[in-house]
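Data block below; observations after.
The values are calculated or read from the model by the stated rules, or taken from the named source; none is laboratory data. It should be emphasised that the depicted structure is a prediction, and the values quoted were computed from it without experimental measurement. For neighbour counting, all protein chains shown are included, and Cβ atoms are generated from backbone atoms with ideal geometry for every residue, glycine included. The area values use the complete protein model at the heavy-atom level, side chains included, leaving out ligands, DNA and RNA. Shrake-Rupley method; radii C 1.70, N 1.55, O 1.52, S 1.80 Å.
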Amino acid sequence: MPYFSDIASVVYEGPDSKNPLAFKYYNPDELIEGKSMRELFRFSVCYWHTFRGTGSDPFGAATLQRPWDDGSDSIDNAKKRVDVAFEFMQKLGVDFYCFHDRDVAPEGKTLAQSNKNLDAIVKHLKKSQKSTGIKLLWGTANLFSHPRYMHGAATSCNADVFAYAAAQVKHVMEATHDLGGENYVFWGGREGYMNLYNTDMKRELDHLATFMHMAVDHAKKIGFKGQFLFEPKPKEPTKHQYDFDAAACLNFIHRNKLDGHVKLNIETNHATLAGHTMMHELEYARIHNALGSIDANTGDLLLGWDTDQFPTDIYLTTQCMLVILEQKGLAPGGTNFDAKVRRESFEPIDLFHAHIGGMDAFARGARIAAAIRKDGVLKDVVKQRYASFDEGIGKQIEKGKASLADCEAYMLKNGNPAANTSGRQEFLENVINDYLR
């Protein structure tokens with residue numbers, strides 16, 4: 001049965017449209033730097049916030065109206081959620097979705113029962129994918145909600161918990177492979193510590209590396225060729241998380257010889273919590289050939305936690321797209337809306353408004369970023385700013401052919417450094433604002 005029978009399929013109507021259930025800027029077939037918007041963004045709907053969110057918070061009970069959901073952990077109710085999800089995604093016009101195992105299937109009393117539940121829902125998901133053409137962008141295991149993971153999963157001080165987590169990842173990876181998932185995400189929600197008095201940090205990090213090599217080995221064994229992704233996040237829930245930001249994750253990846261196996265899934269709100277901008281995290285990942293996918297959301301600057309709001313700031317999406325276009329897209333990753341409607345936006349139709357706004361915001365950001373890149377306004381300034389490294393002593397330094405003694409001899413001969421030039425930050429901010437019309 002249809003669950004959104006009063007809502008038509010969302011289509012592109014252009015910026016003059018007054019229809020709140022139409023795209024004003026996201027035109028799937030429009031080309032941006034040679035790629036259609038559909039291909040460039042690879043938009044994805046997250047299962048957890050969109051189809052399992054309730055609107056509850058630490059200070060209040062659930063508010064969201066989801067008439068199709070009876071609130072039970074039955075397999076029938078889980079299958080009904082799948083039907084709702086695919087109807088929603090079809091009408092929204094997205095090609096991908098993402099899930100944790102516990103989002104789509106109820107946890108059983110034992111690992112065997114949990115696996116059986118997941119298998120039953122995977123069959124239903126597979127059928128829905130075949131009938132709609134919607135694909136799985138990535139799957140992942142929830143290794144943070146259950147009390148067993150109070151001390152972490154791969155970094156737990158309890159070997160049995162480590163083994164349980166490994167078994168859970170094994171089954172979810174197999175499910176992801178069965179569903180044709182193009183990526184597999186590791187988010188270490190509780191991979192960290194609260195206090196060093198009771199923590200052997202080296203041992204925990206070594207265990208995490210062992211865990212990841214187990215995952216790499218199993219992917220090869222089952223023929224899963226999808227991309228592995230780490231998702232950086234600082235704080236929340238642990239005080240010191242090992243996946244703090246892109247730099248910390250890439251250091252771990254390199255130190256433990258996981259290069260080539262693991263890239264990064266960067267989230268805006270996580271970047272903010274780390275004290276960075278999203279553009280910084282994206283660019284840091286990109287220059288290390290590690291930008292795999294993004295979770296598109298934003299936080300509230302007046303609140304200090306992970307609010308997971310839908311992105312509507314065109315300045316933000318423009319900055320994101322400047323980096324993503326430089327990389328020529330995200331495939332096999334994508335743009336996943338790891339975002340939730342506010343608990344005051346409790347009607348099902350609000351899900352459409354939220355996703356439409358986010359997709360339009362990224363479409364506008366892409367158009368603006370492409371115009372900036374076409375005009376070369378940033379590239380020209382950057383090239384000129386570092387021009388002293390294109391010749392003479394600068395060129396020798398970059399080629400690794402200058403020693404400390406060479407630098408000393410050069411400066412003794414020349415006396416003082418050449419005068420610095422202005423960074424023109426305010427000018428450049430004004431230039432970017434000119435494109436945001």
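Of the residues that make up region 40-52, is at least one surrounded by fewer than 18 Cβ atoms within 10 Å (Cβ to Cβ) and farther than 19 Å from V104 by Cα?
no
Residues are listed down the side, and each one gets a yes or a no for (1) more than 30 Å from R38 (Cβ to Cβ); (2) touching a Lys or Arg at 6+ places or on another chain (Cβ under 7 Å); (3) modelled with pLDDT of 95 or more:
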residue	(1), (2), (3)
F96	no, yes, yes
D103	no, yes, yes
N115	yes, no, yes
A120	yes, no, yes
G133	no, no, yes
P147	yes, no, yes
F162	yes, no, yes
G180	no, yes, yes
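Check N19 against each of (1) within 25 Å of the chain's Cα centre (by Cα); (2) under 26 Å from G365 (Cβ atoms); (3) of a type outside the set (A, V, I, L, M); (4) surrounded by fewer than 14 Cβ atoms within 10 Å (Cβ to Cβ) and name the one condition it does not meet.
The one condition N19 does not meet is (1).
Please go through region 97-112 and pick out each residue that is buried (at least 21 other Cβ atoms within 10 Å of the Cβ) and not hydroxyl-bearing (S, T, Y).
C98, F99, H100, D101, R102, D103, V104, A105
Does region 27-38 contain at least one residue that is within 30 Å of A105 (Cα to Cα) and at pLDDT 95 or above?
Scanning region 27-38, I find at least one residue that is within 30 Å of A105 (Cα to Cα) and at pLDDT 95 or above, so the answer is yes.
Filter region 113-142 down to the residues that are touching a strand residue (DSSP E or B) at 6+ places or on another chain (Cβ under 9 Å) and part of a helix (DSSP H, G or I), then identify the one that is least open to solvent (accessible area, probe 1.4 Å).
Residue satisfying both the conditions and the ranking: L125.
Might you let me know whether region 298-306 holds any residue that is in contact (Cβ under 8 Å) with a residue 60 or more places away in the chain, assigned to a loop (DSSP other than H, G, I, E, B) and small (G, A, S)?
Checked against the condition, which is being in contact (Cβ under 8 Å) with a residue 60 or more places away in the chain, assigned to a loop (DSSP other than H, G, I, E, B) and small (G, A, S), region 298-306 yields no hits at all.
Report whether or not Q327 is in contact with a strand residue (DSSP E or B) (Cβ under 7 Å, 6 or more places away or on another chain), polar (S, T, N, Q) and open to solvent by less than 80 Å² (accessible area, probe 1.4 Å).
yes
If you scan region 342-366, which residues turn out to be of a type in the set (F, W, Y) and assigned to a helix (DSSP H, G or I)?
F352, F362
Identify the single condition in (1) of a type in the set (D, E, K, R); (2) open to solvent by less than 60 Å² (accessible area, probe 1.4 Å); (3) touching a residue at least 40 places away in the same chain (Cβ under 8 Å) that R373 does not satisfy, given that it satisfies every other one.
(2)
Of the residues that make up region 422-434, is at least one within 30 Å of I368 (Cβ to Cβ), open to solvent by 60 Å² or more (accessible area, probe 1.4 Å) and in a loop (DSSP other than H, G, I, E, B)?
yes
How many residues are acidic (D, E) and surrounded by fewer than 19 Cβ atoms within 10 Å (Cβ to Cβ) when one looks only at region 307-324?
Selection size over region 307-324: 1.
Could you tell me how many of the residues in region 378-414 are open to solvent by 100 Å² or more (accessible area, probe 1.4 Å) and within 39 Å of the chain's Cα centre (by Cα)?
Final tally of qualifying residues: 7.
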